[in-house]
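Only one structure is covered here, and it is reproduced in the block below.
Quick note: the coordinates plus some simple rules give every number you see, no bench work behind them. Quick caveat, the model's predicted, so the values are computed rather than measured. Note that each Cβ is placed from the backbone with ideal geometry, even for glycine, and that neighbours are counted across all protein chains shown.
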Amino acid sequence: MAVNKVVRGDGAIIIDLSEDTVTLPEHIKAGFVGHLSDGRQVTGTGQGGGGSPYTLTTIIPEQTVTPTTQSDGTTRAFPTSIGLLENGADYLITFNGAEYWSTAGLLYGSYPVLGEIDYLWNSTQYPFPLLILYDSDGSKYHLCTYTTNQCTIKVEKIELNSSDGGGSATLITKNITANGTYSASDDSADGYSEVTVNVPSGGSSAWTKVAETSYQVSTTSTSAAMVATWVTGHSEIWTSDKILYIRVRDTAGKRAGYFYGSDNFFINAYPANGGGSESLTVGMRTTLHYTSEGKYPTSNYTNGGSTGYGVYADMIYSDGRVRIRRRYNSTYSRTIDGTYKVEVYLLDPAGGVPIFE
């Protein structure tokens, strides 16, 4: 019997294929093995456009390693490599025969990482069963994982080709005179070779969106717990020049009796002072839920610091990481069960006046 969704006992979803759009073998390229949205494993029959949509470059060759418990309590192995990770690049990790797509981020602004950063602190966070970290002395890779059993590992860099058929891409110029979202496909092109922006003054936004992700969260625990430490790859959020806003919202919208979202604001003096810390707790937070009467209650929880309810950001780090936590409360959060989108924005100070002068 095929399974398309696996949920741990604490409610965390490990695998969920139920919303995938791959429903027929022809949706997968011929000769490749994959899974349909109902969980069945099939061999693809699709013909495609005659060329591969991407090129793979080996960074860590396939090898068998045996992780051991280190003095800090983590479980690690040290695979050999023939290349280095590149911040912001995409990689295909093959671990014990399963494939994972991960984008490289930076730890402490310097050390490229793949997978789930919480393995560095003895946690086990999904969807990735591992962390790959390049050593601070530049000598080797660390494979941090959950097991001391022998395992296989391989890492390849993914580089998308210009077109699936192997031909040249169609690029055009673009003149933008109004705010909005533009897609090259709307102009019958594969991309833009040059973009000229001429948006009238007054129409620009003081808000700059820098990152977005989402998490499936379900909990009834009244104790705060980790959702994830998100490696955004954007160290520019560690700034004294702008206000950092992290917005959390239920992708299902406003649901009566459910947690709806949180608004988390950080004003950071450390960069202006030349350092002093590599992490900062939230300055102000508002927690939102929706009542059965279809209104926002006056009992919404507003606070600063690490205490929060629902799904919320309580800490940022100098390398661009964001800590996301969860906590149930019958009054302030109501039911927590859904997929929550997390967005990161930088806000210009009012009138351009510096926050720290």
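Just a few scattered comments:
- The calculated FRET efficiency for Ser223 paired with Glu86, based on their beta-carbon distance and R0 = 35 Å, is about 0.35.
- The listed peptides 232-240, 281-289, 84-92, ordered by packing as a protection proxy, come out as 281-289, 232-240, 84-92 (highest mean of other Cβ atoms within 10 Å first).
- Segment Thr331-Glu357, length gained on full extension (0.36 nm per residue, minus Cα span): 5.3 nm
- Over 25 Å between alpha carbons, listed pairs Lys209/Lys254; Lys140/Lys341; Lys157/Lys341; Lys254/Lys341; Lys174/Lys209: Lys140/Lys341; Lys157/Lys341
- FRET efficiency for the Ala269 to Ser71 pair, using the beta carbon distance and R₀ = 25 Å, is estimated at 0.10.
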